[in-house]
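Structure first, then comments.
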Amino acid sequence: MIVLFLSNQHFIRGFLGDVIVIGLIYSVLKIFLDTRPSKLIVYVLLFAYAVEFLQYLNLVEMLGLKDYKLARIVIGTTFDFKDLLAYTIGALLVFLIERYKTVRG
């Protein structure tokens, strides 16, 4: 939704969206997986790093999907170190929220 409706807002689309996506992926996986939150956060963060690395390798191009907008949105096409920072911030926020819930729980 951010990509579709806020594409002209670079900070929101380019950075904040990457922070938010970590929490979204974590939340969806948490529904199906019974594992410690800290472990799941690390897995989600490693997955995000892997996707970013695949962008560095031009995966969309290698798979012949450059003409498919959905593939370009989901996989991404541009490697950026700032994305790694955004994913890390997202993971830290999820960790802090989970820690807060445990303490207050």
Seminar exercise, completed: In the range 29-105, the GluC sites (Glu not before Pro) that sit in a DSSP loop and have at most 12 other Cβ atoms within 10 Å of their own Cβ are none
Exercise. Which lysines does LYS30 reach when only Cα atoms under 27 Å apart count, and residues fewer than 8 places away in its own chain are ignored?
Worked result: LYS39, LYS82, LYS101
Problem set entry | Calculated SAXS-style log₁₀ I(q)/I(0) at q = 0.24 Å⁻¹ - the chain, Debye, Cα scatterers | -1.32
Exercise. Taking LYS66 as the anchor, which aspartates and glutamates have their alpha carbon closer than 19 Å to its alpha carbon, excluding any fewer than eight residues away along the same chain?
Worked result: GLU52, ASP80
For this session: Arrange ASP80, ASP67, ASP18 by Cβ neighbour counts within 10 Å, fewest through most, would you?
Result: ASP67, ASP80, ASP18
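Mean residue ellipticity at 222 nm from the helices of the chain, using -39,500 (n - 2.57) per DSSP H segment of n ≥ 4 over the full residue count, to the nearest 500 deg cm²/dmol?
It lands at -22500 deg cm²/dmol.
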Exercise. Taking the Cα-to-Cβ direction at LYS101 and at LEU54 and moving 7 Å from each Cα, how far apart do the two end points lie in nm?
Worked result: 2.6 nm
Seminar exercise, completed: Here the range 87-101 yields Karplus 3J(HN,Hα) values (6.51, -1.76, 1.60; θ = phi - 60°; whole Hz; Gly and Pro given as x) of 4, 5, 4, x, 5, 5, 5, 4, 4, 5, 5, 5, 5, 4, 4
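Read-outs throughout are calculated quantities, based only on the coordinates presented, and are distinct from any laboratory measurement. Treat the numbers as computed from the prediction; the structure is a model and nothing was measured. All Cβ positions, even for glycine, are placed from backbone atoms using ideal geometry, and neighbour counts span all protein chains on display.
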